[in-house]
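Nothing in this text is a laboratory measurement; each read-out follows from the coordinates by a stated rule. None of the values given here were measured: they were computed from a predicted structure. Here Cβ is always computed from backbone atoms with ideal geometry, including for glycine, and neighbour counts include all displayed protein chains.
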Amino acid sequence: MRADSSLLLGLDTAGSSCSVAIMDKGQVLASRLETMRRGQSERLLPIVQDLLEETGRDLMDMDGFAVTTGPGGFTGVRIGLAAAQGFALACNKPLVGVSNFEVLARGVPADEKIADTQIVVVIDAKRADLFVQSFDSSLVPLTEPFAVLPENLNGKLPDGNLLLVGDGVDQVAEDLKAAGRSVRSSKASDNDDAGNLLLCALEQELFDREAQSVEPLYLRAPDVSLPKDKTTF
């Protein structure tokens, strides 16, 4: 398929928001982002329906779908993946996945992407650790995604100036400065925007590749407990 001339729908529920966007021929027709820690499962489908009505399109009109794969809340990641997989299956159209790291890095304003500065995406994991990945100014990954305690982050990053983005920035900025790093915080949103998700998918030509399974990106085990076996004999 020619993704740059197609009608696409993207959605994100992996973080602390719910975001949906519809793109036609590389241009975002409509998008919405609602900040929320919980409740994405209740809001996602109504937002999709609202944007379809706003653009005068139907779900079956879509040529493809994109979804964020994480990292993020275990439940949020699964909500987005399940919905996107359901849409793609019902419409018999391709589905691609993009990490939340890539979407947040893509949202950094162009004038902040300086050649000698690495973009460090820092996501609050809602426990003691953070989820992190570093990119160069052209959004080429400098590290693999990793989980790290805030006090250990400096030793995990390549040398150079740092531009921080994400909802975990406040947990590390001062420590990185104290370690002698040149640190700036981006003006970009802390939340994943589905419009940037679709732009990532287009720029990486994901829809032009051979179909692959879209899997969640987990950097640690889900924070859930299995029930104890109470079977008696």
(message) So for the stretch 35-103, considering every pair of alpha-carbon atoms, how many percent are separated by more than 20 Å?
(response) 31 percent
(request) Arrange the peptides 180-193, 42-55 so that the one whose residues have, on average, the most other Cβ atoms within 10 Å appears first. (result) 180-193, 42-55
(message) Only sites in a loop by DSSP and with at most 10 other Cβ atoms within 10 Å count here; which trypsin sites (Lys or Arg not before Pro) in the stretch 69-177 make the cut?
(response) 127
(request) Quick one, can you get me the convex hull of the C-alpha atoms of the chain expressed as volume per residue in Å³? (result) 150 Å³
(request) Could you size up the charge dipole of the chain around its Cα centre, putting +1 on the beta carbon of Lys and Arg and -1 on that of Asp and Glu, and report it in debye to the nearest 20? (result) 600 debye
(request) Would you kindly state how much longer the chain becomes between residue 139 and residue 174 on full extension, computed as 0.36 nm times their sequence separation minus their alpha carbon distance, in nm to one decimal? (result) 10.2 nm
(request) For the stretch 120-135, just list the computed ³J(HN,Hα) in residue order, Karplus coefficients 6.51, -1.76 and 1.60, θ = phi - 60°, integers in Hz, with x standing in for Gly and Pro. (result) 10, 8, 10, 10, 5, 7, 6, 9, 6, 9, 10, 9, 9, 8, 10, 10
(message) Nothing charged except the Cβ atoms of Lys and Arg (+1) and of Asp and Glu (-1): what's the magnitude of the dipole of the stretch 109-185 about its Cα centre? Round to the nearest 20 debye.
(response) 60 debye
(request) Please work out how many pairs of lysine residues in the chain are eight or more positions apart (or on different chains) and have Cα atoms closer than 29 angstrom. (result) 14
(message) With θ taken as phi - 60° and the coefficients 6.51, -1.76 and 1.60, list the Karplus ³J(HN,Hα) couplings across the stretch 62-76 in order, rounded to whole Hz; mark glycine and proline as x.
(response) 5, 9, x, 9, 9, 9, 6, 9, x, x, x, x, 4, 5, x
(request) Express the relative contact order of the stretch 109-185 as a whole percentage, based on alpha carbon pairs under 8 Å and six or more residues apart in sequence. (result) 30 percent
(message) Through the Karplus equation 6.51 cos²θ - 1.76 cosθ + 1.60, θ set to phi - 60°, convert the phi angles of the stretch 197-203 into ³J(HN,Hα) values in whole Hz; use x for Gly and Pro.
(response) 4, 5, 5, 4, 4, 5, 5
(request) Quickly estimate the mean residue ellipticity at 222 nm for the chain, helices only: each DSSP H run with n ≥ 4 gives -39500 (n - 2.57), and the total goes over all residues, rounded to 500. (result) -7500 deg cm²/dmol
(message) With 17 Å as the cut-off, how large is the P(r) tail for the stretch 134-182, expressed as percent of Cα-Cα pairs?
(response) 30 percent
(message) Applying a 10 Å radius around every beta-carbon, put 32-38, 61-67, 168-174 in order of their mean neighbour count, most first.
(response) 61-67, 168-174, 32-38
